[in-house]
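The values are calculated or read from the model by the stated rules, or taken from the named source; none is laboratory data. Quick caveat: nothing in here was measured; it's all calculated off a predicted structure. Reconstructed Cβ throughout: ideal geometry from the backbone, glycine too, with neighbour counts over all protein chains shown.
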Amino acid sequence: MFLNAAALAAATLGFQTAFNEAFTAVQPTWKRVAMEVPSTGSAEKYAWLGSMPQFREWLGERVVQNLALSDFTLKNKSFENTIGVDRDDIEDDKIGVYKPLFGQMGDAAARHPDLLVYSLLPAGFNTNCYDGQYFFDTDHVGYNQAGDEISVSNMTAGAGTPWYLIASRGFIKPFIFQKRRDYQFVAKDKLTDENVFRNKEFLYGTDARVNAGFGLWQLAFGSKATLDATGFDAARTAMGSLRGAGGQPLGIKGDLLVVPPSLEGAARRLLTNEKNANGADNEWKGTADILVVPELA
């Protein structure tokens, strides 16, 4: 192949097409547990995380609910993935050899948000969230029916493989995926580029400015206890018992069981079997969806 602008443009188009086809073929699952928040700067402050607005009887004037209760800030990070292609290979028309590699790059870019979001789950046992406590902790500040502050838990300790119960169907999710600049394909593919002149190499890559962080701990429960009816019952009860500052029930329902591949069998026995281990009707059948997450392996 004679290397000119048209030939290089055709090569880049082939690589980009492989990238785009793989990127669009992926069906990431992070949106089931995280909300996407657009970002317009280097970081975003989530003051509203300190409040869950609720209805009250309108007596007298409106009561403005103060949202400026948290100074939790999530900074954007830059991520990249770059492939170098030897000039000789393009000159010798070996473009097809590289297309699977660019397909893999597109696949990795599409799955990167999953990697960021799901890494938060195990980290939640030892990483602070907006209230200064670990995201999964035994002594978050909660409220009783009278509106008095009490200590509440969204975790069960233990020595087992962690599993997680998520309230996934609301507008707000327990985790945040923040996007400043979306994933895009870029190329340094001109014969006059420094990388070609010095290293005889064309460069192709993808990059993005994003990050993931913790949202409302009330919407997630982490457990290191055995995944069985007893542990699941404890998690559902804890989430459903949470109340707001005025004492009203928050109405939280754990509807998504998130597990690593090693707990898929236990999850399906718990939520899909007609009978439990004792032969009685399985009261938990169909009460939550199952999400098996390879990133948690």
With the structure loaded, tell me whether Leu165 is among the hydrophobic types (A, V, I, L, M, F, W, C), farther than 26 Å from Gly84 by Cα and outside any strand (DSSP E or B) or whether it fails that test.
no
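Scan the stretch 10-44 for residues that are hydrophobic (A, V, I, L, M, F, W, C) and either at pLDDT below 95 or crowded, with 19+ Cβ neighbours inside 10 Å (or both) and jot them down.
Those that are hydrophobic (A, V, I, L, M, F, W, C) and either at pLDDT below 95 or crowded, with 19+ Cβ neighbours inside 10 Å (or both): Ala10, Ala11, Phe15, Ala18, Phe19, Ala22, Phe23, Trp30, Val33, Ala34.
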Looking at the stretch 120-132, can you tell me whether even one residue there is over 30 Å from Ser42 (Cβ atoms) and either in contact (Cβ under 8 Å) with a residue 40 or more places away in the chain or surrounded by fewer than 23 Cβ atoms within 10 Å (Cβ to Cβ) (or both)?
no
So which residues in the stretch 227-261 are of a type in the set (S, T, N, Q) and either over 26 Å from the mean Cα position of the chain (by Cα) or surrounded by fewer than 13 Cβ atoms within 10 Å (Cβ to Cβ) (or both)?
Thr230, Thr237, Gln248
Single unsatisfied condition, Thr230 versus (1) in contact (Cβ under 8 Å) with a residue 12 or more places away in the chain; (2) among the hydroxyl-bearing types (Ser, Thr, Tyr); (3) within 30 Å of Lys173 (Cβ to Cβ):
(1)
Output for Cβ contacts, cut-off 8 Å, separation at least six or different chains, first residue at positive phi and modelled with pLDDT under 95 in the stretch 247-266, second assigned to a loop (DSSP other than H, G, I, E, B) and surrounded by 19 or more Cβ atoms within 10 Å (Cβ to Cβ), reads none
Counted residues, the stretch 184-225 - those being in a helix (DSSP H, G or I) and either of a type in the set (Gly, Ala, Ser) or closer than 20 Å to Asp131 by Cβ (or both)
3
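Take the residues in the stretch 282-297 that are out of contact with any Pro (no Cβ under 9 Å at 6 or more places or on another chain) and surrounded by 11 or more Cβ atoms within 10 Å (Cβ to Cβ); name whichever of them is farthest from Val117 (Cα to Cα).
So the residue we want is Asn282.
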